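Quick notes on the structure that follows.
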Amino acid sequence: MAFAPSSTPSAARTRDSAGPRADVHLPDTARDLVKIVVTGPFGVGKTTLIDSVSEIRPLHTEEPLSEASAQVDDLAGVRDKSTTTVAVDFGRISLPGGIVLYLFGTPGQERFRALWDDIAYGALGALVLVDSRRIDASFDVLGLVEETGLPYAVAFNAFPDSPRHHTEEQLRAALDLEAGTPMVTCDARVADSSVDALLALVQHLIDRHAPEDR
């Protein structure tokens with residue numbers, strides 16, 4: 001990509017030395033509890049992102065892809081994918097300043113759209129993951145987020161074979177993003193990179209709710 005990810009400080013993940021998440025209870029510094037939807041098309045990395053940042057053991061509702069689902073799910077660009085989220089992914093991450101994000105990942109297929117209202121209820125914003133190898137797969141999800149009225153940020157998940165020649169202006173135009181919509185790149189497998197994407201969304205939400213200068 002021709003642009004850099006957010007440069008805001010990353011929050012540290014909490015794991016013990018053996019690997020499993022620790023600190024199941026909320027930290028004493030928790031002040032603002034915020035529900036965030038992590039969404040995007042099928043196979044874009046939503047489950048991976050939540051797994052990479054969650055300070056608690058994340059909840060996943062993944063099931064193996066079946067021959068029947070292959071008839072209705074578009075596997076273009078994700079032929080190696082063998083499982084899919086069928087309800088919701090859930091994780092939690094504590095950020096500096098006492099902000100705690102509750103992350104709710106949505107299924108990416110059209111056939112699970114009926115779950116959207118329930119998952120999005122009470123959310124303050126959405127992080128929309130996009131795969132630059134198949135940008136058109138994100139149009140329906142972006143339309144749904146905009147219909148819901150949720151403020152959102154876009155994060156291009158960097159796959160090993162993602163094209164690198166697109167400029168920020170070209171990507172914004174392809175997604176028809178408003179000028180104020182944050183757009184960053186991330187690697188959903190890497191905690192710091194994923195947290196930077198979430199921080200871009202949080203800063204966007206803070207800016208939207210900040211009182212105007214008088």
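Peptides 46-53, 122-129: what's the order by average Cβ count within 10 Å, highest mean first?
46-53, 122-129
Using a 1.4 angstrom probe on heavy atoms only, work out the carbon and sulfur share of the accessible area of the range 148-207 in %.
53 percent
Stokes-Einstein at 4 °C, 1.567 mPa s, Kirkwood radius from Cα pairs: D for the range 159-214 in µm² s⁻¹?
Result for D is 97 µm²/s.
Enumerate by residue number the trypsin sites (Lys or Arg not before Pro) in the range 88-174 meeting two conditions: DSSP loop (anything except H, G, I, E, B), and at most 14 other Cβ atoms within 10 Å of the site's Cβ.
On the way: sites: Arg92, Arg111, Arg113, Arg133, Arg134, Arg164, Arg172; in loops: Arg164.
When the trypsin sites (Lys or Arg not before Pro) of the range 88-174 are filtered for loop state and at most 14 Cβ neighbours within 10 Å, Arg164 remain.
Please give me, ordered by residue number, the GluC sites (Glu not before Pro) of the range 122-191 that lie in loop per DSSP and have at most 14 other Cβ atoms within 10 Å. Please report the intermediate quantities before stating the final value.
Details: sites: Glu146, Glu147, Glu168, Glu169, Glu178; in loops: Glu178.
Qualifying residues, ordered by number: Glu178.
Would you mind telling me the antiparallel percentage of the DSSP bridges in the range 85-192, rounded to 5?
Taking every DSSP beta bridge with both residues in the range 85-192, the antiparallel ones total about 45 percent.
The values are calculated or read from the model by the stated rules, or taken from the named source; none is laboratory data. All of these numbers come straight from a predicted model, not from anything done at the bench. When we count neighbours, we look across all protein chains shown, and the Cβ atoms used for this are built from the backbone with ideal geometry, even at glycine. Accessible surface areas use protein heavy atoms only, side chains included; no ligands, DNA or RNA. Shrake-Rupley method; radii C 1.70, N 1.55, O 1.52, S 1.80 Å.
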